[in-house]
Amino acid sequence: MNTLNELLLTIILLFCFAGYAIAENDLVDRQVIVMFEYTMVSLPDQTVRTDRIDQVAMPDDVRSVLMEASIQEIEKGFPEFRSADTLRVLTDNRIYRVPDWTNLFIITLPEKANRDSLIVNLERLPDVVYAEKNQMAVPRGEVIPSDEHFDEQWGLKNLQHLGVDIRATYAWAITTGSNNNILGVVDSGVQSSHVDLTGKVSGPGAFTGSSTEEHGTMVAGVAAAHGDNPGGGIAGVDWGVQVHAEEKGDLTVTAQAIDGAVSAGAIVINNSWGVANSSTTLSSALRSAYEAGVLLVHANPYNDGFGNPNLTSDYPNNLGPWIMNVGAIEIDGDPWWNTGSKSFTDVAAPGVNIISTSSRSGEPHRFGTGTSYAAPFVSGTATLMLSVNPNLKNYDLKQVLMRTASRYPDPGHALKLAMV
(Lines give C-alpha, C1' and ligand atoms only; values in the text may rest on other atoms or scores of the structure.)
Protein backbone atom coordinates (compact mmCIF):
# COMPACT_ATOMS: atom_id res chain seq x y z
CA MET A 1 0.00 0.00 0.00
CA ASN A 2 1.49 3.34 -0.99
CA THR A 3 1.84 6.29 1.36
CA LEU A 4 -1.13 8.21 -0.08
CA ASN A 5 -3.47 5.23 0.31
CA GLU A 6 -2.24 4.68 3.86
CA LEU A 7 -2.94 8.33 4.66
CA LEU A 8 -6.44 8.14 3.17
CA LEU A 9 -7.18 4.96 5.12
CA THR A 10 -5.99 6.61 8.32
CA ILE A 11 -8.25 9.61 7.73
CA ILE A 12 -11.23 7.35 7.02
CA LEU A 13 -10.60 5.34 10.18
CA LEU A 14 -10.26 8.51 12.25
CA PHE A 15 -13.61 9.75 10.98
CA CYS A 16 -15.20 6.36 11.63
CA PHE A 17 -13.93 6.23 15.21
CA ALA A 18 -14.88 9.86 15.76
CA GLY A 19 -18.36 9.14 14.47
CA TYR A 20 -18.61 6.11 16.74
CA ALA A 21 -17.54 8.17 19.76
CA ILE A 22 -20.06 10.89 18.99
CA ALA A 23 -22.82 8.33 18.54
CA GLU A 24 -21.86 6.61 21.79
CA ASN A 25 -21.94 9.91 23.66
CA ASP A 26 -25.34 10.76 22.20
CA LEU A 27 -26.70 7.41 23.35
CA VAL A 28 -25.35 7.78 26.88
CA ASP A 29 -26.90 11.24 27.07
CA ARG A 30 -30.31 9.58 26.63
CA GLN A 31 -29.83 6.95 29.32
CA VAL A 32 -30.83 6.62 32.97
CA ILE A 33 -29.26 4.14 35.37
CA VAL A 34 -31.68 2.61 37.88
CA MET A 35 -31.00 0.38 40.87
CA PHE A 36 -34.10 -1.57 41.86
CA GLU A 37 -34.86 -3.45 45.03
CA TYR A 38 -33.96 -7.14 44.92
CA THR A 39 -35.68 -9.14 42.10
CA MET A 40 -38.18 -6.37 41.42
CA VAL A 41 -37.30 -6.31 37.70
CA SER A 42 -36.25 -9.19 35.45
CA LEU A 43 -35.84 -9.50 31.70
CA PRO A 44 -37.07 -12.43 29.62
CA ASP A 45 -34.88 -15.54 29.84
CA GLN A 46 -31.58 -15.49 27.90
CA THR A 47 -31.77 -11.75 27.22
CA VAL A 48 -29.71 -8.88 28.54
CA ARG A 49 -31.70 -6.12 26.80
CA THR A 50 -35.08 -5.65 25.22
CA ASP A 51 -37.25 -3.00 23.62
CA ARG A 52 -40.41 -4.93 24.56
CA ILE A 53 -41.31 -3.39 27.88
CA ASP A 54 -44.45 -5.52 28.04
CA GLN A 55 -42.25 -8.62 28.31
CA VAL A 56 -40.29 -7.36 31.32
CA ALA A 57 -41.41 -8.50 34.77
CA MET A 58 -41.70 -5.43 36.98
CA PRO A 59 -44.11 -3.81 39.47
CA ASP A 60 -47.07 -2.00 37.93
CA ASP A 61 -46.04 1.43 39.22
CA VAL A 62 -42.58 1.05 37.64
CA ARG A 63 -44.09 -0.06 34.34
CA SER A 64 -46.47 2.90 34.37
CA VAL A 65 -43.63 5.40 34.82
CA LEU A 66 -41.51 3.80 32.09
CA MET A 67 -44.39 3.58 29.63
CA GLU A 68 -45.27 7.21 30.25
CA ALA A 69 -41.66 8.16 29.41
CA SER A 70 -41.86 6.10 26.19
CA ILE A 71 -38.55 4.40 26.90
CA GLN A 72 -36.90 2.70 23.94
CA GLU A 73 -34.94 -0.03 25.68
CA ILE A 74 -34.02 -1.53 29.03
CA GLU A 75 -30.85 -3.56 29.57
CA LYS A 76 -28.86 -5.09 32.38
CA GLY A 77 -26.07 -2.84 33.57
CA PHE A 78 -23.85 -5.81 34.50
CA PRO A 79 -25.00 -8.72 32.28
CA GLU A 80 -22.45 -11.23 33.61
CA PHE A 81 -22.90 -10.43 37.29
CA ARG A 82 -24.43 -13.01 39.64
CA SER A 83 -25.64 -12.48 43.19
CA ALA A 84 -23.00 -14.91 44.44
CA ASP A 85 -20.33 -12.47 43.23
CA THR A 86 -21.20 -9.93 45.91
CA LEU A 87 -18.89 -11.49 48.50
CA ARG A 88 -15.34 -12.30 47.48
CA VAL A 89 -12.16 -13.30 49.27
CA LEU A 90 -9.08 -11.80 47.65
CA THR A 91 -5.74 -13.59 47.33
CA ASP A 92 -4.43 -11.81 50.45
CA ASN A 93 -7.56 -12.96 52.39
CA ARG A 94 -9.18 -9.53 52.46
CA ILE A 95 -12.98 -9.54 52.22
CA TYR A 96 -14.31 -7.65 49.20
CA ARG A 97 -18.03 -6.83 49.36
CA VAL A 98 -19.46 -5.79 45.99
CA PRO A 99 -22.87 -4.15 45.44
CA ASP A 100 -25.47 -6.52 44.02
CA TRP A 101 -25.33 -5.30 40.44
CA THR A 102 -27.96 -7.85 39.31
CA ASN A 103 -30.58 -5.23 40.15
CA LEU A 104 -29.01 -2.40 38.13
CA PHE A 105 -30.49 -1.53 34.73
CA ILE A 106 -29.86 1.01 31.99
CA ILE A 107 -32.91 2.65 30.45
CA THR A 108 -32.67 4.38 27.06
CA LEU A 109 -35.02 7.25 26.28
CA PRO A 110 -36.02 8.74 22.92
CA GLU A 111 -34.06 11.72 21.63
CA LYS A 112 -34.82 15.00 23.40
CA ALA A 113 -36.67 13.18 26.18
CA ASN A 114 -36.58 14.69 29.68
CA ARG A 115 -34.20 12.52 31.72
CA ASP A 116 -34.61 14.67 34.82
CA SER A 117 -38.35 14.11 34.87
CA LEU A 118 -37.97 10.34 34.58
CA ILE A 119 -35.41 10.29 37.39
CA VAL A 120 -37.71 12.27 39.69
CA ASN A 121 -40.65 9.97 38.94
CA LEU A 122 -38.60 6.81 39.43
CA GLU A 123 -37.12 7.90 42.75
CA ARG A 124 -40.60 8.41 44.14
CA LEU A 125 -41.29 4.69 43.80
CA PRO A 126 -40.70 2.35 46.77
CA ASP A 127 -39.08 -0.30 44.55
CA VAL A 128 -36.35 2.06 43.30
CA VAL A 129 -33.13 2.39 45.35
CA TYR A 130 -31.81 5.22 43.18
CA ALA A 131 -31.89 6.62 39.64
CA GLU A 132 -29.26 8.79 37.96
CA LYS A 133 -28.13 10.04 34.57
CA ASN A 134 -25.66 7.86 32.70
CA GLN A 135 -22.39 9.62 31.83
CA MET A 136 -19.24 8.98 29.84
CA ALA A 137 -15.94 8.83 31.72
CA VAL A 138 -13.63 11.07 29.72
CA PRO A 139 -9.89 11.65 30.02
CA ARG A 140 -8.84 14.62 32.08
CA GLY A 141 -7.29 17.41 30.09
CA GLU A 142 -3.95 18.98 30.76
CA VAL A 143 -3.20 22.52 31.84
CA ILE A 144 0.12 23.76 30.44
CA PRO A 145 1.23 27.04 32.02
CA SER A 146 2.92 29.78 30.01
CA ASP A 147 5.82 30.26 32.43
CA GLU A 148 9.14 30.82 30.68
CA HIS A 149 11.01 27.88 32.24
CA PHE A 150 8.16 25.37 32.41
CA ASP A 151 9.76 23.14 29.76
CA GLU A 152 12.70 22.73 32.15
CA GLN A 153 10.48 21.66 35.08
CA TRP A 154 10.72 17.94 34.43
CA GLY A 155 9.33 17.12 37.86
CA LEU A 156 5.98 18.57 36.80
CA LYS A 157 5.98 17.27 33.20
CA ASN A 158 8.85 15.12 32.05
CA LEU A 159 9.41 15.52 28.32
CA GLN A 160 12.43 13.19 28.20
CA HIS A 161 11.11 10.21 30.18
CA LEU A 162 7.34 10.16 29.94
CA GLY A 163 5.56 9.48 33.21
CA VAL A 164 8.56 10.10 35.47
CA ASP A 165 6.95 13.15 37.04
CA ILE A 166 4.08 13.99 39.38
CA ARG A 167 1.56 14.44 36.51
CA ALA A 168 0.84 17.95 37.69
CA THR A 169 -0.56 19.14 34.37
CA TYR A 170 -3.42 16.63 34.69
CA ALA A 171 -4.08 17.61 38.29
CA TRP A 172 -4.30 21.28 37.32
CA ALA A 173 -7.22 20.38 35.06
CA ILE A 174 -9.03 19.54 38.32
CA THR A 175 -7.64 22.25 40.60
CA THR A 176 -4.74 24.68 40.75
CA GLY A 177 -5.06 25.04 44.51
CA SER A 178 -6.82 27.17 47.09
CA ASN A 179 -5.60 30.32 48.83
CA ASN A 180 -7.46 29.11 51.92
CA ASN A 181 -4.67 26.58 52.51
CA ILE A 182 -1.42 27.49 54.25
CA LEU A 183 1.91 25.74 53.72
CA GLY A 184 4.50 26.24 56.42
CA VAL A 185 8.07 26.52 55.15
CA VAL A 186 10.59 26.24 57.98
CA ASP A 187 13.85 27.10 56.31
CA SER A 188 16.24 29.99 55.65
CA GLY A 189 13.49 32.49 54.87
CA VAL A 190 11.44 33.13 51.72
CA GLN A 191 11.66 36.14 49.41
CA SER A 192 8.13 37.53 49.36
CA SER A 193 8.88 40.04 46.60
CA HIS A 194 9.79 37.41 43.99
CA VAL A 195 7.57 37.66 40.92
CA ASP A 196 6.64 33.96 41.22
CA LEU A 197 5.78 34.29 44.92
CA THR A 198 4.40 37.82 45.24
CA GLY A 199 1.27 38.17 47.31
CA LYS A 200 1.44 34.72 48.86
CA VAL A 201 4.29 34.78 51.42
CA SER A 202 3.91 35.95 55.02
CA GLY A 203 5.38 35.23 58.43
CA PRO A 204 8.58 36.18 60.27
CA GLY A 205 10.69 34.37 57.68
CA ALA A 206 9.40 36.48 54.80
CA PHE A 207 11.78 39.08 53.40
CA THR A 208 12.05 41.46 50.47
CA GLY A 209 15.14 42.30 48.49
CA SER A 210 17.90 39.90 47.49
CA SER A 211 19.76 37.37 49.61
CA THR A 212 22.34 34.68 49.06
CA GLU A 213 20.44 32.54 51.59
CA GLU A 214 18.18 31.22 48.85
CA HIS A 215 17.41 27.70 50.09
CA GLY A 216 14.03 28.59 51.59
CA THR A 217 13.00 30.61 48.53
CA MET A 218 13.85 27.70 46.24
CA VAL A 219 11.93 25.25 48.43
CA ALA A 220 8.88 27.53 48.49
CA GLY A 221 9.04 27.98 44.71
CA VAL A 222 8.91 24.24 44.01
CA ALA A 223 5.81 23.83 46.16
CA ALA A 224 3.95 27.07 45.70
CA ALA A 225 5.11 29.39 42.90
CA HIS A 226 2.34 31.08 40.95
CA GLY A 227 1.59 29.29 37.69
CA ASP A 228 0.76 30.97 34.41
CA ASN A 229 1.32 34.41 35.94
CA PRO A 230 2.46 37.44 33.91
CA GLY A 231 6.23 37.70 33.95
CA GLY A 232 6.57 34.43 35.85
CA GLY A 233 9.41 32.05 35.21
CA ILE A 234 8.26 28.79 36.81
CA ALA A 235 5.12 27.11 38.11
CA GLY A 236 4.86 25.54 41.55
CA VAL A 237 2.90 22.41 42.32
CA ASP A 238 0.12 24.34 44.08
CA TRP A 239 -0.56 27.75 42.52
CA GLY A 240 -3.06 28.87 45.13
CA VAL A 241 -1.58 27.88 48.49
CA GLN A 242 -0.32 30.59 50.82
CA VAL A 243 3.17 30.27 52.30
CA HIS A 244 3.91 30.97 55.94
CA ALA A 245 7.67 31.37 56.23
CA GLU A 246 9.58 30.64 59.43
CA GLU A 247 13.35 30.65 59.88
CA LYS A 248 15.11 27.63 61.34
CA GLY A 249 18.06 28.00 63.71
CA ASP A 250 19.18 26.29 66.89
CA LEU A 251 16.89 23.81 68.62
CA THR A 252 14.74 26.37 70.42
CA VAL A 253 14.48 28.64 67.37
CA THR A 254 13.49 25.71 65.14
CA ALA A 255 10.97 24.41 67.69
CA GLN A 256 9.45 27.89 67.89
CA ALA A 257 9.35 28.03 64.09
CA ILE A 258 7.33 24.79 64.01
CA ASP A 259 4.99 26.24 66.63
CA GLY A 260 4.71 29.50 64.67
CA ALA A 261 3.71 27.69 61.47
CA VAL A 262 1.07 25.63 63.27
CA SER A 263 -0.29 28.71 65.05
CA ALA A 264 -0.52 30.53 61.71
CA GLY A 265 -2.81 27.80 60.37
CA ALA A 266 -0.38 25.70 58.33
CA ILE A 267 -1.86 22.32 57.42
CA VAL A 268 1.39 21.04 55.90
CA ILE A 269 4.91 21.99 57.01
CA ASN A 270 7.90 21.45 54.74
CA ASN A 271 11.17 20.67 56.55
CA SER A 272 14.11 20.39 54.18
CA TRP A 273 16.70 20.17 56.97
CA GLY A 274 17.99 17.96 59.78
CA VAL A 275 20.12 18.20 62.91
CA ALA A 276 23.17 16.24 64.02
CA ASN A 277 21.68 14.53 67.08
CA SER A 278 18.20 13.72 68.34
CA SER A 279 16.49 16.35 70.48
CA THR A 280 13.67 16.06 72.99
CA THR A 281 12.86 19.75 72.50
CA LEU A 282 12.46 19.43 68.75
CA SER A 283 10.71 16.06 68.96
CA SER A 284 8.14 17.57 71.33
CA ALA A 285 7.46 20.43 68.92
CA LEU A 286 7.05 18.10 65.95
CA ARG A 287 4.84 15.69 67.90
CA SER A 288 2.58 18.55 68.99
CA ALA A 289 2.30 19.74 65.38
CA TYR A 290 1.34 16.27 64.19
CA GLU A 291 -1.24 15.87 66.95
CA ALA A 292 -2.73 19.20 65.81
CA GLY A 293 -3.39 17.58 62.41
CA VAL A 294 -0.39 18.92 60.49
CA LEU A 295 1.34 16.80 57.84
CA LEU A 296 5.09 16.99 58.49
CA VAL A 297 7.09 16.54 55.29
CA HIS A 298 10.84 15.96 55.78
CA ALA A 299 13.62 15.70 53.23
CA ASN A 300 15.79 12.61 53.66
CA PRO A 301 19.39 13.20 54.79
CA TYR A 302 22.24 12.82 52.32
CA ASN A 303 24.93 10.21 52.23
CA ASP A 304 28.51 11.30 52.91
CA GLY A 305 29.10 12.37 49.33
CA PHE A 306 30.59 9.01 48.40
CA GLY A 307 27.41 6.97 48.63
CA ASN A 308 28.05 5.67 52.16
CA PRO A 309 24.70 5.65 54.00
CA ASN A 310 23.86 7.07 57.40
CA LEU A 311 27.01 9.14 57.81
CA THR A 312 24.73 12.13 58.21
CA SER A 313 22.07 12.13 60.89
CA ASP A 314 18.72 10.44 60.33
CA TYR A 315 17.11 12.82 62.80
CA PRO A 316 14.28 13.91 62.73
CA ASN A 317 13.35 11.54 59.87
CA ASN A 318 13.60 8.55 62.22
CA LEU A 319 11.05 9.85 64.74
CA GLY A 320 8.34 7.50 63.56
CA PRO A 321 5.71 6.71 60.92
CA TRP A 322 3.99 10.05 61.52
CA ILE A 323 6.86 11.77 59.66
CA MET A 324 6.53 11.88 55.83
CA ASN A 325 10.05 11.07 54.60
CA VAL A 326 11.00 12.02 51.06
CA GLY A 327 13.89 10.75 48.95
CA ALA A 328 14.94 12.02 45.52
CA ILE A 329 14.81 10.54 42.02
CA GLU A 330 16.58 11.56 38.85
CA ILE A 331 14.99 12.51 35.54
CA ASP A 332 14.95 8.86 34.36
CA GLY A 333 13.23 7.64 37.52
CA ASP A 334 16.30 6.10 39.12
CA PRO A 335 16.95 6.97 42.77
CA TRP A 336 19.39 9.80 43.31
CA TRP A 337 22.61 8.10 44.39
CA ASN A 338 23.16 10.46 47.32
CA THR A 339 19.81 9.90 49.03
CA GLY A 340 20.29 8.54 52.54
CA SER A 341 17.88 6.79 54.92
CA LYS A 342 16.42 4.56 52.24
CA SER A 343 15.15 2.15 54.86
CA PHE A 344 12.33 4.44 55.90
CA THR A 345 11.70 6.44 52.73
CA ASP A 346 7.95 6.87 52.24
CA VAL A 347 8.04 8.32 48.73
CA ALA A 348 10.67 9.74 46.43
CA ALA A 349 10.08 12.78 44.25
CA PRO A 350 12.02 14.68 41.58
CA GLY A 351 15.14 16.12 43.18
CA VAL A 352 17.92 16.43 40.59
CA ASN A 353 18.44 19.58 38.51
CA ILE A 354 15.26 21.22 39.77
CA ILE A 355 14.77 24.81 38.63
CA SER A 356 13.11 27.09 41.16
CA THR A 357 12.85 30.61 42.49
CA SER A 358 16.06 32.24 43.71
CA SER A 359 16.59 35.26 45.94
CA ARG A 360 20.03 36.03 44.53
CA SER A 361 20.42 39.46 42.99
CA GLY A 362 20.04 39.36 39.22
CA GLU A 363 19.39 35.62 39.21
CA PRO A 364 15.67 35.03 39.78
CA HIS A 365 15.82 31.30 38.97
CA ARG A 366 18.42 28.66 39.68
CA PHE A 367 18.82 24.89 39.55
CA GLY A 368 19.21 22.85 42.69
CA THR A 369 19.74 19.17 43.48
CA GLY A 370 18.92 17.27 46.63
CA THR A 371 16.14 15.84 48.74
CA SER A 372 15.57 19.44 49.85
CA TYR A 373 13.90 20.06 46.50
CA ALA A 374 12.10 16.71 46.41
CA ALA A 375 10.25 17.34 49.68
CA PRO A 376 8.33 20.42 48.45
CA PHE A 377 6.95 18.39 45.53
CA VAL A 378 5.25 16.27 48.17
CA SER A 379 4.22 19.26 50.31
CA GLY A 380 2.66 21.02 47.32
CA THR A 381 0.88 17.86 46.26
CA ALA A 382 -0.59 17.47 49.75
CA THR A 383 -1.98 21.03 49.82
CA LEU A 384 -3.32 20.55 46.28
CA MET A 385 -5.15 17.44 47.49
CA LEU A 386 -6.60 19.41 50.38
CA SER A 387 -7.99 22.00 47.99
CA VAL A 388 -10.13 19.22 46.52
CA ASN A 389 -10.97 17.49 49.80
CA PRO A 390 -10.32 19.67 52.87
CA ASN A 391 -11.54 16.89 55.17
CA LEU A 392 -8.42 14.78 54.64
CA LYS A 393 -6.40 14.24 57.81
CA ASN A 394 -2.60 14.24 57.94
CA TYR A 395 -2.52 10.44 58.11
CA ASP A 396 -4.94 10.26 55.16
CA LEU A 397 -2.64 12.43 53.09
CA LYS A 398 0.37 10.26 53.83
CA GLN A 399 -1.43 7.03 53.00
CA VAL A 400 -2.90 8.36 49.75
CA LEU A 401 0.47 9.72 48.64
CA MET A 402 2.19 6.41 49.36
CA ARG A 403 -0.49 4.19 47.85
CA THR A 404 -0.74 6.17 44.61
CA ALA A 405 3.00 6.36 43.98
CA SER A 406 4.47 4.43 41.06
CA ARG A 407 7.10 1.89 41.98
CA TYR A 408 10.61 2.43 40.68
CA PRO A 409 13.85 0.71 41.64
CA ASP A 410 15.03 1.09 45.24
CA PRO A 411 14.52 3.28 47.31
CA GLY A 412 10.91 2.58 46.58
CA HIS A 413 8.64 5.08 44.99
CA ALA A 414 8.46 7.98 42.61
CA LEU A 415 5.68 10.33 43.51
CA LYS A 416 2.60 10.45 41.33
CA LEU A 417 -0.01 13.01 42.06
CA ALA A 418 -3.19 11.63 43.64
CA MET A 419 -6.43 13.55 43.65
CA VAL A 420 -9.26 12.39 45.86
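Rounded to the nearest whole Å², what accessible area per residue is found for the stretch 18-172 with the 1.4 Å probe? Kindly include the intermediate steps, with their values, before the conclusion.
Numbers: 9500 Å² over 155 residues.
On a per-residue basis, 61 Å².
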Self-check item: For the chain, calculated [θ]222 nm from helices alone, where every DSSP H run of n ≥ 4 adds -39500 (n - 2.57)
Solution: -8500 deg cm²/dmol
Quiz prompt | Whole-Å distance, taken between Cα centres, linking the stretch 23-93 and the stretch 381-403 | solution = 37
Self-check item: Area of T252 that stays accessible when all protein chains are in place (1.4 Å probe, Å², to 10)
Solution: 70
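So, R0 is 30 Å and r is the distance between the beta-carbons of Q46 and E68; what FRET efficiency does that work out to, to 0.05?
Numbers: r = 28 Å, r/R0 = 0.95.
Using R0 = 30 Å, I get an efficiency of 0.60.
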Practice problem: Can you tell me how much longer the chain between N391 and V195 gets when fully stretched, taken as 0.36 nm per residue apart minus their C-alpha distance, in nm with one decimal? | Solution: 67.4 nm
Quiz item: To the nearest 10 degrees, how steeply does helix 394-403 sit against the main Cα axis of the chain, on a 0 to 90 scale?
Solution: 70
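Got a number for carbon plus sulfur as a percent of the chain's accessible area, 1.4 Å probe? Walk me through the numbers before you get to the answer.
On the way: 10370 of 20310 Å².
Accessible surface attributable to carbon and sulfur in the chain totals 51 percent.
Suppose R0 equals 51 Å. What FRET efficiency, 1/(1 + (r/R0)^6) with r the Cβ-Cβ distance, do E123 and H161 give to the nearest 0.05? Walk me through the numbers on the way to the answer.
Working: r = 50 Å, r/R0 = 0.97.
That pair, E123 with H161, gives E of 0.55.
Rank these by accessible area, largest first, 1.4 Å probe: T281, T212. Before the final figure, lay out the partial values.
Numbers: T281 75, T212 110 Å².
Final ranking, largest accessible area leading: T212, T281.
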Practice problem: Run the quick spin-label model on S146 and D54: label points 7 Å from Cα toward the beta carbon, then report their separation in nm to one decimal. | Solution: 6.4
Exercise. Please find, in a Gaussian network model of the chain (springs between Cα atoms separated by less than 10 Å), the residue of G163, G209, G333 whose mean-square fluctuation is greatest.
Key: G209
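Grab the Cα-Cα distance for T208 and S283, subtract it from 0.36 nm times how many residues apart they are, and report the gain in nm with one decimal.
That pair, T208 and S283, stretches by 23.9 nm at full extension.
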Quiz item: In the Gaussian network model of the chain, springs joining C-alpha atoms below 10 Å, which of R360, R88, R115 carries the largest mean-square fluctuation?
Solution: R88
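Return the percentage of antiparallel bridges among DSSP beta bridges fully within the chain, rounded to the nearest 5 %. Mind showing how you got there, number by number?
Numbers: 29 of 55 bridges.
Among the beta bridges of the chain, antiparallel pairing accounts for roughly 55 percent.
If r is the Cβ-Cβ distance from R82 to A173 and R0 is 35 Å, what FRET efficiency results, to the nearest 0.05? Please list the in-between numbers first.
On the way: r = 38 Å, r/R0 = 1.09.
For R0 = 35 Å, the calculated efficiency reads 0.40.
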Quiz prompt | Fluctuation leader among A299, A255, A375 - the chain, Gaussian network, Cα springs under 10 angstrom | solution = A255
Practice problem: Could you tell me which label, among [x] 1.07; [y] 1.11; [z] 0.95, carries the value of Rg/Rh (Cα atoms, Kirkwood Rh) calculated for this structure? | Solution: [y]
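The values are calculated or read from the model by the stated rules, or taken from the named source; none is laboratory data. Model, not experiment: these values are computed from the prediction. When we count neighbours, we look across all protein chains shown, and the Cβ atoms used for this are built from the backbone with ideal geometry, even at glycine. What goes into the accessible areas is simple: the full protein's heavy atoms, side chains included, and nothing from ligands, DNA or RNA. Shrake-Rupley method; radii C 1.70, N 1.55, O 1.52, S 1.80 Å.
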